[in-house]
Amino acid sequence: MKQDFSFSSILDNDFYKFTMQQGVVRLFPDAKAKYGFINRGNHVFPEGFATVLREAVDQMAKLKLSRQEKHFLQVTCPYLDAVYLDFLEGYRYNPEEVHIKQSGGTLEVNIEGNWYRTILWEVPLMSLICELYYRMTDLQRVPDEEVVSRTREKIENYKKLGVTVADFGTRRRHSYAVHRLVLQALSEFGQGSFIGTSNVHLAMLHNTKPIGTHAHEWFMFHAARYGFKMANAMGLEHWVDVYRGDLGIALSDTYTTEVFFSQFDKMFSKLFDGVRHDSGDPLEFADKVVAHYQKMGIDPRSKTIIFSDSLNYDKVAAIADYCRDKVGMSFGIGTSLTNDVGLTPMNIVIKMTAALPKDGAWTEVVKLSDEHGKYTGSKEVIALAKTLLSIH
């Protein structure tokens, strides 16, 4: 079953992948990483899916940074230095790093290689899996006009709430075509509310800002390199070493918010512009953030929380009402923007599973979100991390 499908741009990826890649190239060029596909939604994949996915992955070896794309990054993202942009210009995906198997309706995808190379695979692979799944199961979405209409209604409602919104929907979008329609509608009707997208390619097409800093894997690697107790502090320290105050939103829930804030000292609290919420009760999180900044003698209203956990209008409205005049806020909205097409969105992730910092043996990594259902890693290493970090 031959499918005509391929990516059109190497920048069709989330911005934090490139910002982290620059950090890895500079600080950890010898590190290796492994990633694994997690089918949280227990989706059943059609016969031949692995073969079609393999063909699409192989096509990605042809992608390369164009002169126009490099110029966009030079102008828009001055903190991406010339050496890194030259590296990215020479970068090519290596499909041999991606291993794909299928047994019945079960799909297995694993990635392994140098971290500075493999770091770019996660988001486009998830996008591929979603789009090919909908194509091969012949599930029909709503027409283009309906996609635009739904998006327009959403952004106009967010505008009425007086909040700023960014698109974070690349990973689990219905398709590239739908994502383009969504961005067109957000750009056309979202003035005053829509502030950008995590997708660098679409940011360039719509002359808007690519948004993002780092992901859980940044701190997961630091746990493998420096131990669980030092992971947050060293991860933040190294981020500052690379970006010197730019890209100042810190992800807080790799090893629970409680552990994070115990290490988010006054220096980090002043230096970083704010924090990102990605699991657990958002209102409880807001209370913790406000209390933390007040404890540090910092006005919480001078800082920003980026909320990004499975948001829709009702959740955003409740959070905005609760946080208004207490702390700055903005919202990164994913699946409810890019996969609201009359079908059930896929519930899938790809996470780092192990790291080899330089010498020695592979070290398994875990994530301990504020929501137990988002834990990743083996029970044994999760238990070890909880013991070392005194998480109950």
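Things worth noting here:
- Here the Karplus relation 6.51 cos²θ - 1.76 cosθ + 1.60, evaluated at θ = phi - 60°, turns the backbone of the range 173-186 into coupling constants of 5, 5, 5, 4, 4, 5, 4, 4, 4, 4, 5, 4, 5, 4 Hz, with x for every Gly and Pro.
- Whole-Hz couplings from phi, Karplus 6.51/-1.76/1.60, listed for the range 27-38; x for Gly and Pro: 9, 9, x, 9, 6, 10, 9, 10, 10, x, 7, 10
- Treating each Cα of the range 107-206 as an identical point scatterer and summing with the Debye formula, the log10 of I(q)/I(0) at q = 0.14, 0.17, 0.21, 0.22 Å⁻¹ comes to -0.62, -0.84, -1.09, -1.14.
- Only helices enter the 222 nm calculation for the chain: every DSSP H run of n ≥ 4 contributes -39,500 (n - 2.57), and dividing by all residues gives -13500 deg cm²/dmol, rounded to 500.
- Once the mean of 1/r is taken over each pair of separate Cα atoms and inverted, the range 289-392 shows a Kirkwood hydrodynamic radius of 17.3 Å.
- Solvent exposure of the range 25-122 as accessible area per residue, Å², 1.4 Å probe: 49
- Hydrodynamic radius by Kirkwood, which averages 1/r over all alpha carbon pairs of the range 1-122, in angstrom: 15.9
- Phi-based couplings in Hz for the range 226-240 (Karplus 6.51, -1.76, 1.60; Gly and Pro marked x): 10, x, 4, 5, 9, 4, 5, 5, 5, x, 5, 4, 5, 4, 5
- Label point at Thr387 placed 7 Å out along Cα→Cβ; residues across the range 215-238 whose backbone nitrogen lies under 15 Å: 228-229
- Spatial separation of Cα centroids for the range 1-76 and the range 275-343, in angstrom: 28
- Per-atom-type breakdown for the chain gives carbon and sulfur 48% of the accessible area (1.4 Å probe, protein chains only).
- Taking amide H as placed 1.01 Å from N in the peptide plane, the amide H of Thr353 sits under 5 Å from that of Lys34, Tyr35, Gly36, each at least 5 places away or on another chain.
- Taken over the C-alpha atoms, the range 57-98 has Rg and Dmax values of 11.8, 33 angstrom.
- Per-residue packing, averaged as other Cβ atoms within 10 Å, sorts the ranges 49-57, 211-219, 239-247, 374-382 into the order 211-219, 49-57, 239-247, 374-382, beginning with the highest.
- Gyration tensor (Cα) of the range 196-303, equivalent ellipsoid semi-axes in angstrom: 23, 18, 14
- Ranked by the mean number of other Cβ atoms within 10 Å of their residues, highest first, the peptides 135-146, 222-233 fall in the order 222-233, 135-146.
- Unit Cα scatterers, Debye sum, the range 73-165: log10 I(q)/I(0) for q = 0.12 Å⁻¹: -0.75
- About the Cα centre, charge dipole magnitude for the range 32-73 (Lys/Arg +1, Asp/Glu -1 at Cβ), debye: 340
- Calculated log₁₀ intensity ratio I(q)/I(0) where the Debye formula runs over C-alpha points of the chain, q = 0.06, 0.07, 0.08, 0.15 Å⁻¹: -0.22, -0.30, -0.40, -1.60
- Cα centroid separation, the range 355-385 to the range 97-112 (Å): 21
- Under 5 Å between amide hydrogens, built in the peptide plane, is the criterion, and for Gly113 it picks out Ala33 among residues at least 5 positions away or on other chains.
The values are calculated or read from the model by the stated rules, or taken from the named source; none is laboratory data. Everything numeric here is computed off the predicted structure, so don't read it as measured data. We place every Cβ from the backbone using ideal geometry, glycine too, and count neighbours over all the protein chains shown. Quick note on the areas: whole protein, heavy atoms, side chains included, nothing else; ligands and nucleic acids left out. Shrake-Rupley method; radii C 1.70, N 1.55, O 1.52, S 1.80 Å.
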